[in-house]
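> First, the structure itself, so that you have it in front of you.
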Amino acid sequence: MCGIVGYIGKKPVVEVLIDGLRKLEYRGYDSSGIAINAGGKIKIYKAEGKLQNLVDVLTKHTEETKTAKIGIGHIRWATHGAPTEINAHPHTCTCGKLVIVHNGIIENFKELKEELIKKGCSFRSQTDTETVAHLIAQEFAQTKDLTQAVRLATKKIQGAYALGVMHQDLPGMLVATKRNAPLLVGIGEGEFFIASDVPAIIEHTKKALYLNDNEVVTLTTEMKLIDAENKKVTPKIEVLPWEPVALSKMGYKHFMLKEIHEQPDVIRNVLSGKLYNIDEPISLKEVKLTKETLKNLHRIQVIACGTSLHAAMVGKYLIEEFCSIPVDVEASSEYIYRKNVTDKNTLVIGVSQSGETADTLTAIKQSKEKGSHILIITNRPDSTMAREADSLVPVSAGIEVSVAATKSYTAQLISFYLLALYMAEVKGSLDEKTLVELKKELIVLPQKLEMILSNKEQIQKCAKAYANHKDFIYIARGINFATALEGALKLKEISYINATGYPAGELKHGPIAMLDETMPVLSILMQGKVYEKLLSNAEEAKARNAKLIALTNSSDKKLDELFDFIIKIPEVDEIFSPVIAAVPLQLLAYYIAEFLGKDVDQPRNLAKSVTVE
Ligand code: M6R
């Protein structure tokens, strides 16, 4: 969470920083700030609220900022201290000459702060970050060397951080470091960038260095890299796999709508190179699970958060169905605080769009220590999680800007289909005919999504009719229980309407008490083994006067009588219905939020990449 950007070079720094922060707005957006060295003086500009407020502040200072060529910037998602101007980054030491931006949480900041106050430091904000500014300044006073000051100060810090640091007396130097929070250095022609994510720099350069934990990089006219013990490290420069065009709305009103529409092509992209031909085995080049490993597996644990957790729930269903291996799915935040009985005969699968979610990362590290094989399904093959993996399934959805996950979810689902089929092939748990039939269905999914996307009017109508309801219930059974949870999460996230997903059979065990004529109940009614059961559950809701919406691929005439509104989608084998059902629910949430005038791409209180526990 929070976004860092920094620059040293010949370009007008304010433009580079603001442009970079704009690309990082998905990481948090409750306040922002920049610090530059202008004419030998550190100047700081901050604003509460959206980045535009900072831009408005800066337009009043163009004269004093225009010649600056070095600076650091930050966009905040508040952890310690309210999202006010005073708590916005950058933060400085007491004299104001040393200035820093920070992502992460300093766990021992209270103890450090007490010591620093005793040493005469005066604090201005309520943040944990300010402690680090004072701490580095103390070291700098001793060493007169900014790199060493950063290296020594960070040894005293517990917690997670990515830091960008400048000093007024060193106008040609930018220092950065990290531990358990992402940070990369972009390398241009006679210029360097630092950023917490690729979008902030991709328009300037595709060459980058990903910092490893505890490394300190010093950027002047050249780049120097050391480790925590002050040993020189040879930088491993990589070429970034992103295209700048991915960051444009391409004429859509919101990134979310654009990303929803990208899904047919995203699925084609995920399948390409992995499923060449229905008669050939699935190819997952970075999955290192041998027949032997699979034979010895006692179970699989899948850990994830939020939308990725819902994809994991579908994944459980698929792996159990195709491979007959027991699978547990758990929220990473729960997994990490109980006895971990994982072992080398457990396969641990981490699912994460960003590959940086703190809880999932901690869970992965814990199971790695127990000797489990770690398989990561992520949209970011350049992420920390991907680097921890023994096996990797890159989901290839392209960069997702909107905070609400859409195309990354369907890409995760497709990745699970591929993985489950791959494992079934290696293990020999499905016969040839079934494998071919499943692959046939898989490759026609993009066309089915295109049909849904070209028939959006029914969903817009439904959104308009139900947008003013305060609560929603989503029900489903079997493989689509996760779809109900995901549909409800989408609605909550971007419209702030209270929406809950239930396994339909549970309705009568409590939630039914809430039903009356004010409550819309949306049934995910896909043809298959639980169709009739779900229909009976919908009848029970009708008997309590609830308003009934069906999302269905059935042409059953009796639905017309039972349901107040029907969203019709193409027919599909039940096992693939989570992919088909997810898209109309994303659109329904989108149109309701848009109808209510909500900030669709940047919903309140959220951030795309949750890098704090
Ligand atoms: O990057 P991750 O997939 O690990 O993120 C997990 C959740 O924070 C994320 O899915 C969140 O729930 C999304 N905002 C959902 O739209």
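> Among L392, A482, S402, which residue has its Cα furthest toward the positive end of the charge dipole of region 392-549, with +1 on Lys/Arg Cβ and -1 on Asp/Glu Cβ?
Selected residue: S402.
> Given an 8 Å cut-off on Cα distances and at least 6 residues of separation, report the relative contact order of the chain as a percent. Please report the intermediate quantities before stating the final value.
Values: 1350 pairs, mean separation 71.4, N = 613.
Taking the mean separation of contacting Cα pairs over the length of the chain, I get 12 percent.
> Given labels modelled 7 Å from the Cα in the Cβ direction, how far is it in nm from H509 to D145?
6.4
> Another question about this same structure. Looking at the chain only, what percent of DSSP beta bridges run antiparallel? Nearest 5 please.
Counting DSSP beta bridges with both partners in the chain, the antiparallel share is about 60 percent.
> Excluding same-chain residues fewer than 8 positions from K339, which aspartates and glutamates have a Cα within less than 14 Å of its Cα?
E330, E369
> Additional query: Report, to the nearest whole %, how much of the accessible area of region 255-443 belongs to carbon and sulfur atoms, 1.4 Å probe, protein only. Can you show the working numbers first?
Working: 3390 of 6600 Å².
It is 51 percent, rounded to a whole number.
> Based on the Cβ-Cβ distance from E286 to D560, what FRET efficiency comes out when R0 is 45 Å, to the nearest 0.05? Walk me through the numbers on the way to the answer.
Details: r = 49 Å, r/R0 = 1.08.
Once the sixth-power term is evaluated, E becomes 0.40.
> Within the set K433/K568; K178/K231; K547/K598; K249/K598; K407/K440; K274/K456, which residue pairs have Cα atoms separated by over 20 Å?
K433/K568; K547/K598; K407/K440; K274/K456
> Here's another thing I want to ask about it. Quickly rank 24-31, 200-207, 88-95, 454-461 as a protection proxy: mean count of other C-beta atoms within 10 Å, highest first.
24-31, 88-95, 200-207, 454-461
> Another one. Give me, ordered by chain and number, the residues 5 or more places off G159 or on other chains with an amide H under 5 Å from its own placed amide H.
E107
> Please identify the GluC sites (Glu not before Pro) of region 207-278 that satisfy two criteria: DSSP loop assignment and at most 11 other Cβ atoms within 10 Å. Which are they?
Details: sites: E215, E222, E229, E238, E259, E262; in loops: E215, E222, E229, E262.
Those satisfying the criteria are E222, E229.
> Dipole magnitude of the chain about its Cα centre, charges +1 at Lys/Arg Cβ and -1 at Asp/Glu Cβ only, in debye to the nearest 20?
1140
> OK, next. Among the trypsin sites (Lys or Arg not before Pro) within region 316-363, which fall in a DSSP loop and have no more than 13 other Cβ atoms within 10 Å of their own Cβ? Display every interim value, and only then the final one.
On the way: sites: K316, R338, K339, K344; in loops: R338, K339, K344.
Qualifying residues, ordered by number: R338, K339, K344.
> Further question on the same structure: Which stretch or stretches of region 43-86 have amide N atoms under 18 Å from the point lying 7 Å from I117's Cα along the Cα→Cβ direction?
The answer is 80-82.
> Determine the alpha carbon to alpha carbon distance for each of K23/K253; K41/K110; K316/K427; K118/K156; K316/K490 and list only those over 19 Å.
Details: K23/K253 17 Å; K41/K110 30 Å; K316/K427 17 Å; K118/K156 17 Å; K316/K490 21 Å.
Over 19 Å apart, Cα to Cα: K41/K110; K316/K490.
> Take the solvent-accessible surface of the protein heavy atoms, probe 1.4 Å, and return the percent of it on region 58-128 that carbon and sulfur atoms account for.
Whole-percent figure for carbon plus sulfur exposure: 54.
> While we're on this one: Compute the helix-to-body angle for 306-323: its Cα long axis versus the longest principal axis of the chain, expressed 0 to 90° and rounded to tens.
50
> Using the per-residue mean of other Cβ atoms lying within 10 Å as a proxy for protection, in what order, highest first, do the peptides 276-286, 492-502 fall?
Highest to lowest by the protection proxy: 492-502, 276-286.
> While we're looking at this one, here's another question. Could you state the angle between the C-alpha long axis of helix 531-542 and the longest principal axis of the C-alpha atoms of the chain, as a value from 0 to 90 degrees rounded to the nearest 10?
For 531-542 against the chain, the angle is about 80 degrees.
> Same structure, new question: Remind me, relative contact order of region 255-443 in percent, using alpha carbon pairs under 8 angstrom and six or more residues apart?
About 29 percent, as a whole number.
> Which stretch or stretches of region 6-21 have amide N atoms under 20 Å from the point lying 7 Å from K66's Cα along the Cα→Cβ direction?
Of the residues in region 6-21, 9-19 have backbone N under 20 Å from the label point off K66.
> Right, something else. May I ask you to give the solvent-accessible area per residue for region 255-443, in square angstrom, as obtained with a 1.4 angstrom probe?
35
> I've got another one for you. For K113, give me every one of the aspartates and glutamates with a C-alpha distance below 12 angstrom, ignoring sequence neighbours fewer than eight places off in its own chain.
The reachable aspartates and glutamates, counting only those whose Cα sits under 12 Å from K113, are D128, E130.
> Any idea what angle helix 577-595 forms with the longest principal axis of the chain, computed on alpha-carbon atoms, 0 to 90 degrees, nearest 10?
Rounded to the nearest ten degrees, it is 60.
The values are calculated or read from the model by the stated rules, or taken from the named source; none is laboratory data. Note that the structure is predicted; figures quoted are calculated from it, not measured. Cβ: placed from backbone, ideal geometry, glycine included. Neighbour counts: every protein chain shown. Accessible surface areas use protein heavy atoms only, side chains included; no ligands, DNA or RNA. Shrake-Rupley method; radii C 1.70, N 1.55, O 1.52, S 1.80 Å.
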